[in-house]
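Notes follow the structure.
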Amino acid sequence: MQVSPSKELSPYIKHYLFLDNTETAAQKFRLFSDGNTGLVFSVKSKLISGINKYEIKEYLPASFLYGQLNGFKDLYSENEITLIIVVFQPNGIHQLLGIPAHEFHDSIIPVEDVFDKKITALQESLFEQNNQMRTELLNSFFNSLIASKTASNQFLIDHSLSFIIKNKGQFSIKQLVEYTGYTERHLERKFKECIGLNPKKFGNVVRLHHFLKLLKDKPEDTNLTTICYEAGFSDQSHLIKDFKKHTGITPTEYVHSTGKLTNNLIKRFSVSRF
């Protein structure tokens, strides 16, 4: 279930996701980049990031922040879980916290390390509530954050994001420089600080998700090569290589996956052992 935040929060938060997995068998999930960072509350049981060399399960924090991802991350559950995910705008977490986004790059960080103690109270409050009340609690928490901060000038980043998204990730750095009037070096620095990815890498993620949308909406008689070119990939092998780098699977495997929970979170399969 996807829910929009309050109007005041829309510059910072894209949406909230409420996901329930009632299966008690061990499950594997795959998270990959969609150009946004996220905050995850696992309110029933903790997720597992893997097993170390001593065969000990490595549990994730009950609540954690994930930054921009280089590729994909596999997560596991051994019981039924309920996930509440706050999906931030590409530069939202930097605007809210004022912390350089590259410090979260390709990382999973306990929420206590980046938020104050109020986040613990929020986590406890979310446990027994329905989704409507959870939305109200989340809105209240994040509204208190923006109320206590001074507005920052985000025009360059907002202007650049608008250009990249409008062009569906198909652009050159030279075009972005000409559009914004800023140097490539300045753009690289601001993107690293505010988003956690440089402009080209962010554009690649946008292009990949544009391809996924075309793939989802395609007529039955449309082949993969046609969509590949429409999404701006030079050829099908380039598409498959880029797709596997981000997701770990091929476009065909993604299409036939029955476990798509969101665009960038897939329930891969049951696992027999941890």
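Quick look at the numbers
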item	result
Accessible-area ranking of Thr225, Thr183, largest first, probe 1.4 Å	Thr183, Thr225
q = 0.10, 0.13, 0.16, 0.23 Å⁻¹: log10 I(q)/I(0) that the Debye formula gives for the stretch 77-174, counting C-alpha atoms only	-0.39, -0.64, -0.91, -1.36
Relative contact order (percent, whole number), the chain, Cα cutoff 8 Å, 6+ residue spacing	24 percent
Residue-averaged [θ]222 nm for the chain, counting only DSSP H segments that reach four residues, each worth -39500 (n - 2.57)	-11500 deg cm²/dmol
Alpha-carbon spread of the stretch 47-88, three principal axes, descending order, Å	36, 27, 14
Within-13-Å neighbourhood charge of Lys174 [Cβ basis; K, R +1; D, E -1]	-1
Dimensions in Å of the stretch 32-101 - Rg and Dmax from alpha carbons	13.5, 41
Coordinate range along principal axes, alpha carbons of the stretch 154-248, Å, largest first	44, 24, 20
Axial C-alpha extent at least 20 Å, average Kyte-Doolittle at least -1.0 - helices from the chain (DSSP)	131-147, 199-217
Distance (nanometres) between label positions extended 7 Å along Cα→Cβ at Phe155 and Ile51	5.7 nm
Lys245 versus Asn263: modelled label distance in nm, points set 7 Å from Cα along the beta carbon direction	2.0 nm
For the stretch 2-148, alpha-carbon Rg and Dmax in angstrom	15.0, 48
The stretch 154-248: relative contact order in percent, alpha carbon pairs under 8 Å with at least 6 residues between	23 percent
Net charge dipole size for the stretch 154-248 [Lys, Arg +1 and Asp, Glu -1 on Cβ; Debye, nearest 20]	340 debye
Fraction of alpha-carbon pairs over 35 Å apart in the chain - percent	19 percent
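The values are calculated or read from the model by the stated rules, or taken from the named source; none is laboratory data. Owing to the predicted nature of the structure, the values given are computational and were not obtained by experimental measurement. A quick note on method: Cβ atoms are made from the backbone with ideal geometry, for glycine too, and the neighbour counts reach across all protein chains shown. Note: accessible area is taken over every heavy atom of the protein model, side chains too, but ligands, DNA and RNA are not part of it. Shrake-Rupley method; radii C 1.70, N 1.55, O 1.52, S 1.80 Å.
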